[in-house]
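Below you'll find the structure, written out as structure tokens, and then a few comments.
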Amino acid sequence: MIAVATGAGISAESGIPTFRDSGGLWEGRRPEDVATPGAFLRDPLEVWRFYLERRKTAISVKPNKGHQAIAEWQNEFLDVPVITQNIDGLHQRAGSKNVLEIHGSLWKKKCCECDFTADDTVTEMEELPRCACGGLLRPDIVWFGESLPELILENAFTIVRKIKCLIVVGTSNLIYPAAAIPMTALAAGVTVIEVNPARTTLSDRATLFIEGRAGDVLPDLIERLRMHL
Ligand code: NAD
């Protein structure tokens, strides 16, 4: 069994800037001004509007050859999970089904007071959305200083301990606990293949580092693995 772990780099060729490549700014904003619980408490409508802009950016682009190669492979081998740090939904739009979004999703909202969560695709907002319980609804995204969704994360760690090979694509491997996922796989004796145009903290430890862009490398890599399997 094989799994894929992706970060912002897989969506770069679709036109969504990575966190590092944009100098740490998202849509020209400092993450701490819009991606923290404190920022939402201070000005929830401003934070919502920031994420609505990010939705518009995500809608305006298409999944690329990297997303497509993974989705095609999943169609053939149904048990290939994709563990992603991305919130843009491009894996799903490429046709991927088994996607574990460990940092949440741009396309979901959740209640600040109760367990309510729902899909959400609006891109304009005049008033703050409220839950039936009266609580404020917020983007279902893991903000700085927040814990990752426990069950999804546990599931990701369980998966990478029992697979044969993990393909890690487009992450700088700097943000924990996401960065612990390939390390856990390596510790369990799993073959870890890293695909990235630049070396990362993982590159020296990975079983194989392939220097290149996801859209250039993945279609061929996945074809080779398919023949090998
Ligand atoms: P990062 O910005 O820290 O690192 C991006 C990595 O992608 C770098 O190592 C870079 O060399 C590599 N890369 C650039 N172009 C690539 C390509 N064409 N193919 C393959 N790799 C390429 O991203 P991160 O490690 O994912 O961490 C940043 C955090 O910000 C994560 O939580 C991420 O979810 C979030 N984020 C998400 C999006 C998105 O949903 N698309 C965009 C920006 C940031």
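Observations on the structure shown:
- Per this entry, Ile175 is not counted among residues that are within 16 Å of the ligand (Cβ to nearest atom), under 15 Å from Gly66 (Cα atoms), at pLDDT below 95 and among the hydrophobic types (A, V, I, L, M, F, W, C).
- Wholly enclosed strands (runs of 3 or more DSSP E) of region 8-120 bearing at least 3 residues at pLDDT 95 or above and more than 13 Å from Pro139 (Cα to Cα): 82-84, 99-101
- Scanning region 178-198 for residues that are within 15 Å of the ligand (Cβ to nearest atom) and either assigned to a helix (DSSP H, G or I) or loosely packed, with under 14 Cβ neighbours inside 10 Å (or both) yields Ala180, Ile181, Pro182, Met183, Ala198.
- Restricting region 100-137 to residues that are within 14 Å of the chain's Cα centre (by Cα) and more than 18 Å from Ile59 (Cβ to Cβ) leaves a set whose member that is surrounded by the most Cβ atoms within 10 Å (Cβ to Cβ) is Ile102.
- Meets criteria (assigned to a loop (DSSP other than H, G, I, E, B), surrounded by 15 or more Cβ atoms within 10 Å (Cβ to Cβ) and at pLDDT 95 or above) for Thr201: no
- In region 1-27, the residue that is nearest to Asn196 (Cα to Cα) out of those that are more than 13 Å from the ligand (Cβ to nearest atom) and surrounded by fewer than 21 Cβ atoms within 10 Å (Cβ to Cβ) is Ile2.
- Conditions (1) assigned to a loop (DSSP other than H, G, I, E, B); (2) without any contact (Cβ under 8 Å) to a residue 60 or more places away in the chain; (3) surrounded by 14 or more Cβ atoms within 10 Å (Cβ to Cβ): number failed by Thr171: (2)
- Among the residues of region 201-229, those that are closer than 24 Å to Glu154 by Cα and β-branched (Val, Ile, Thr) comprise Thr201, Thr207.
- Figure legend. Inter-residue proximity from region 151-165: first residues assigned by TED's automatic domain parsing to the domain that holds Ala179, second residues in a helix (DSSP H, G or I) and exposed (fewer than 15 other Cβ atoms within 10 Å of the Cβ), beta-carbon distance below 9 Å, spacing 6+ or different chains. Indicated pairs: Arg161/Ala187.
- On the stretch given as region 207-229, residues that are in contact with a Ser or Thr (Cβ under 9 Å, 6 or more places away or on another chain), surrounded by 16 or more Cβ atoms within 10 Å (Cβ to Cβ) and over 18 Å from Ser11 (Cβ atoms) total 1.
The values are calculated or read from the model by the stated rules, or taken from the named source; none is laboratory data. Note that the structure is a prediction, hence the values are computed from the model and not measured. Cβ sites come from the backbone with ideal geometry, for glycine too, and all protein chains shown count toward neighbours.
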